[in-house]
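> A single structure is presented below for examination.
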């Protein structure tokens, strides 16, 4: 059983010193892995489509083999990381004092 990256970031975010950085790192990791999963499935689907509908092109493209696949996966992860940066920038931490929370709840009643 390996070390869970989420557990490490959870413990790190409890430290007041690095709280914001750890939460941003956790958000970046979650969004990047989500985008990478979607893009990987899309790439496999396109590759299968080309293999079925255009077998001659597929055979010529598959001559590169493993190197082409590794490059594609690296590009997918880079694109996923770049696309997830705006999410990390957009969302942040909002600190609310308990007295403000109770006053806003009482004003609603």
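> In this structure, is residue 62 more than 30 Å from residue 21 (Cα to Cα), at pLDDT below 90 and exposed (fewer than 11 other Cβ atoms within 10 Å of the Cβ)?
Against the criterion (more than 30 Å from residue 21 (Cα to Cα), at pLDDT below 90 and exposed (fewer than 11 other Cβ atoms within 10 Å of the Cβ)), residue 62 does not qualify.
> State yes or no: is residue 52 out of contact with any helix residue (DSSP H, G or I) (no Cβ under 6 Å at 6 or more places or on another chain), in a helix (DSSP H, G or I), at pLDDT 80 or above and closer than 23 Å to residue 32 by Cα?
no
> Could you check, for region 13-35, whether at least one of its residues is part of a loop (DSSP other than H, G, I, E, B), modelled with pLDDT under 90, in contact with a helix residue (DSSP H, G or I) (Cβ under 7 Å, 6 or more places away or on another chain) and surrounded by fewer than 15 Cβ atoms within 10 Å (Cβ to Cβ)?
Yes, that holds for at least one residue.
> I'd like the full set of residues that are closer than 27 Å to residue 44 by Cβ, free of Cβ contacts under 8 Å to residues at least 24 places away in the same chain and more than 10 Å from the chain's Cα centre (by Cα), limited to region 76-92.
78, 86
> How many residues does region 66-87 hold that are at pLDDT below 85 and either surrounded by 10 or more Cβ atoms within 10 Å (Cβ to Cβ) or in contact with a helix residue (DSSP H, G or I) (Cβ under 6 Å, 6 or more places away or on another chain) (or both)?
Number satisfying all stated conditions: 2.
The values are calculated or read from the model by the stated rules, or taken from the named source; none is laboratory data. None of these values were measured; they are calculated from a predicted model. Every residue, glycine among them, receives a Cβ derived from its backbone with ideal geometry; neighbour counts consider all protein chains shown.
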